[in-house]
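Novice: The structure follows.
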Amino acid sequence: MQQQRTHVVIIGGGFAGLYAAQALARQPVQVTLVDRKNHHTFQPLLYQVATAALSPADIASPIRGILRQYRNVNVLLGEAAGFDLAARRVRLKEGPDLGYDYLIVAAGAGHAYFGHDEWAPLAPGLKTLEDALEIRRRVLLAYELAERRAAAGGETEPLNFVIVGAGPTGVELAGALAEIAHQALVRDFRAIDPTQARIVLLEGGPRVLPSYPENLSRSAEAQLRKLSVEVRTSTLVTAVEPGAVRLGDEVLPASVALWAAGVKASPLGAMLGVPTDGAGRVFVEPDLSIPGHKEVFVIGDLAAAKDEKGNFLPGIAPVAVQQGRAVARAVVRDREKKPRQNFVYLNKGSLATIGRAAAVADLPGGLRLSGLIAWLAWLFVHIFFLIGFRNRVLVMIQWAWAYLTFQRGTRLITGSTERSDGSGPAA
């Protein structure tokens, strides 16, 4: 009688879940990957979709297409609604429960508004393709509304773009919005001058890119200011309102407000019944399993994992990729009756782009780069890790075209032509 294969259920098709599935491919196990979307998104380039440099298809690939060659991997379009750890079952919102021998939860994280979820419709964050398209719509629509008012002889309303949070996402958005104003749109309008748009980057802490070394933070701020971005550190947002962001008693006008100030882990973490941190991340054991259940792993942005020095690992793609591969090895070692190994993160450095030929890089060995050479390193790394040959070719062509012409080729307003913050009429 043939022995039934070990069944591994993976929740989430982001970096962590996808790389776990690929590492388990062709192993003597059966894998089921469940995700709410049918595609994997290369999140580090979402801001380029949001700022009209790339189209969604350039940075996303169908999960089924990525895993089609692996006969032992099944993909389900669905959403986990809870867990029965004692019975080893995953409850789905639709369809029957999924039984498992091993469970890998890689459900990721969303936006954190620090107890003010009512700000979300007024200042969208950037975690999904839908977020990116909504930001692109709002940014381009702001220029169109200003042009219409000016062409009709009305008072020209200043274009103010306010980004809350100066981590990598906020810095990248600010730099890209400055390039749109000063390069991509400069010849497209007749009644307004796009170069007069004001780009304001707000940071509650004392410096931009707080997770980077101080000298790179200073370099990033200098490069942002060179792009005419107004950087304001040690500045706390007290309210987000239609058409404005409040900074205590100061009211900062905002044609478009964008949120890049924090993340909140998926609510699935709390459903596991184990301790979580303030952001909802699950405290995991050194092998990335949860306390009391060696067959359940939590990885990626949902995991509160520590490095060998006791510091929490950042929620970045390289961490998720390495964790996905690590838990796959743990499953294989269990089957081979070998002891598991604790997860050790190999830090390959951090990169953040600011604009055309402007970036910062914090690399292993204390190597710190800024400017053109850091930007070239950023380009190479992101092309290398993009899923799919087609995506790499298309992105390289788009970037080459944008570099030579200063243009952004996907300046399309899709969906509604009404402002979503309630501060103005339809276009």
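Novice: Looking at the chain, identify the longest residue range that excludes and avoids all GluC sites (Glu not before Pro) in DSSP loops having at most 12 other Cβ atoms within 10 Å.
Specialist: 156-307
Novice: Sequence gap of 8 or more, or different chains, plus Cα separation below 27 Å: how many lysine pairs satisfy both in the chain?
Specialist: Total qualifying Lys-Lys pairs in the chain comes to 22.
Novice: To the nearest 0.05, what FRET efficiency results for D193 and R225 with a Förster distance of 25 Å applied to their C-beta separation?
Specialist: Approximately 0.80, to the nearest 0.05.
Novice: If you build a Gaussian network model of the chain, linking Cα atoms that sit under 10 Å apart, which residue out of G95, G110, G243 swings the most?
Specialist: Among G95, G110, G243, the largest GNM mean-square fluctuation belongs to G95.
Novice: Can you give the direction-averaged projected area of the convex hull of the alpha-carbon atoms in region 269-427, in nm²? Don't skip to the end; give the middle numbers.
Specialist: Values: hull surface 60.1 nm².
So the mean shadow area of the Cα hull is 15.0 nm².
Novice: How much length is gained on full extension from E418 to R335, taking 0.36 nm per residue of separation minus their Cα-Cα distance?
Specialist: Working: separation 83, 0.36 × 83 = 29.88 nm, distance 5.66 nm.
Residue separation times 0.36 nm, minus the Cα-Cα distance, leaves 24.2 nm.
Novice: Equivalent ellipsoid semi-axes for region 209-335, as square roots of 5 times the alpha carbon gyration tensor eigenvalues: give them largest first, rounded to whole Å.
Specialist: Semi-axes from the Cα gyration tensor: 38, 19, 12 Å.
Novice: What's the longest bit of the chain with no exposed trypsin sites (Lys or Arg not before Pro), using DSSP loop states and at most 10 other Cβ atoms within 10 Å as the test?
Specialist: Maximal segment without exposed cleavage sites: 191-308.
Novice: Another question about this same structure. As a test of the formula, what do you get for the chain when each DSSP H run with n ≥ 4 contributes -39,500 (n - 2.57) and the sum is divided by the residue count, at 222 nm and rounded to the nearest 500 deg cm²/dmol? The partial results should precede the final answer.
Specialist: Working: 9 runs with 118 residues, N = 427.
Taking each H run of at least 4 residues, the total per residue is -9000 deg cm²/dmol.
Novice: Compute the length gained on full extension between I316 and E144: take 0.36 nm times their separation in residues and subtract their Cα-Cα distance, giving the result in nm to one decimal.
Specialist: That pair, I316 and E144, stretches by 58.4 nm at full extension.
Novice: Where in region 59-112 are there chymotrypsin sites (Phe, Trp or Tyr not before Pro) that are in a DSSP coil and have at most 16 other Cβ atoms within 10 angstrom of their Cβ?
Specialist: Passing both the DSSP loop test and the Cβ count: Y70.
Novice: Stokes-Einstein D for region 101-220 at 10 °C, 1.306 mPa s, Kirkwood Rh over Cα pairs, in µm²/s?
Specialist: Numbers: Rh = 16.6 Å.
It comes out at roughly 95 µm²/s.
Novice: Another question, if that's okay. Please rank F297, F189, fewest neighbouring Cβ atoms within 10 Å first, as an exposure proxy.
Specialist: F189, F297
Novice: Kirkwood Rh, Cα Rg: Rg to Rh for region 310-372?
Specialist: 1.16
Novice: Then there is this: For region 205-268, just the Cα atoms, rotate onto the principal axes and tell me the three extents in Å, largest first.
Specialist: Ordered largest first, region 205-268 gives principal extents of 38, 35, 19 Å.
Novice: Here's a follow-up. Using only the alpha-carbon atoms of region 1-42 as identical scatterers, what base-10 log of I(q)/I(0) does the Debye formula give at q = 0.24 Å⁻¹?
Specialist: Calculated log10 I(q)/I(0) at the listed q: -0.79.
Novice: Now, a different point. All other residues with a Cβ under 10 Å from the Cβ of A50 taken together, and with Lys, Arg as +1 and Asp, Glu as -1, what is their net charge? Could you put the intermediate results ahead of the total?
Specialist: Working: positive: R136, R137, R138; negative: D131, E134, E172.
Combined, the nearby Lys, Arg, Asp and Glu give 0.
Novice: For a quick size check, give me the Cα extents of the chain along its three principal axes, largest first, whole Å.
Specialist: Projected onto its principal axes, the Cα set of the chain covers 83, 48, 44 Å.
Novice: OK, next. Over region 1-127, consider all pairs of different Cα atoms and compute the Kirkwood hydrodynamic radius from their mean reciprocal separation; express it in Å, one decimal.
Specialist: Taking the inverse mean of 1/r over all distinct Cα pairs, region 1-127 comes out at 16.3 Å.
Novice: May I pose another question? Helix 389-405 versus the longest principal axis of the chain: what is the Cα-based angle in degrees, 0 to 90, to the nearest 10?
Specialist: Tilt relative to the chain: about 20 degrees.
Laboratory data are not the source of any read-out in this text; all were calculated from the coordinates shown. Note that the structure is a prediction, hence the values are computed from the model and not measured. Cβ coordinates were reconstructed from backbone atoms using ideal geometry, including for glycine residues, and neighbour counts include every protein chain displayed.
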